[in-house]
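Read the structure below first, then the notes.
The values are calculated or read from the model by the stated rules, or taken from the named source; none is laboratory data. As the structure is a prediction and not an experimental result, all values here were calculated from the model. Glycine gets a Cβ as well: all are built from the backbone with ideal geometry, and neighbour counts include every protein chain shown. Side chains included, ligands, DNA and RNA excluded: accessible areas come from the protein's heavy atoms. Shrake-Rupley method; radii C 1.70, N 1.55, O 1.52, S 1.80 Å.
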Amino acid sequence: MRIKVKKIIDGDTFEDTRHRFFRLAEVDAPEKKERGYNKAKEALQNIIGGEELIVNQVGVSYGRKVIEARIPGEKISVNTKMKRKI
């Protein structure tokens, strides 16, 4: 499935232009009020902010689709990039 990123929520969660929420599988970013939250959120913004993504759903958590995500044409997944950043 292809989606367009609208808003970054934190370092592992974002919203698309259709108001659906997605969480990156196997990425455990700090939550709001936790140390490193701003850094993780900014890292995800820099990687996927405004991008179109190809996503594969691997589960559901708290009403969010848990996904593996990739920017079209890139070999390294968004999930892997974020694991390296946090």
Residue by residue through segment 55-65, note down the ones that are among the β-branched types (Val, Ile, Thr) and open to solvent by less than 30 Å² (accessible area, probe 1.4 Å). Val55
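Here's the yes/no breakdown for (1) in contact (Cβ under 8 Å) with a residue 24 or more places away in the chain; (2) charged (D, E, K, R); (3) open to solvent by less than 90 Å² (accessible area, probe 1.4 Å):
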| position | (1), (2), (3) |
| --- | --- |
| Asp10 | yes, yes, yes |
| Thr13 | yes, no, yes |
| Val27 | yes, no, yes |
| Lys33 | no, yes, no |
| Asn38 | no, no, no |
| Lys41 | yes, yes, yes |
| Leu53 | yes, no, yes |
| Ile67 | yes, no, yes |
| Gly73 | no, no, yes |
Considering only segment 15-25, state which residues are part of a loop (DSSP other than H, G, I, E, B) and without any contact (Cβ under 8 Å) to a residue 24 or more places away in the chain. Thr17, Arg18, His19
Condition broken by Asn79, with the remaining ones in (1) assigned to a strand (DSSP E or B); (2) open to solvent by less than 70 Å² (accessible area, probe 1.4 Å); (3) among the polar types (S, T, N, Q) satisfied: (1)
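Table: residues versus (1) farther than 17 Å from Phe21 by Cβ; (2) of a type in the set (S, T, N, Q).
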residue	(1), (2)
Lys33	yes, no
Asn46	yes, yes
Asn56	no, yes
Gly59	no, no
Gly63	no, no
Ala69	no, no
Glu74	yes, no
Met82	no, no
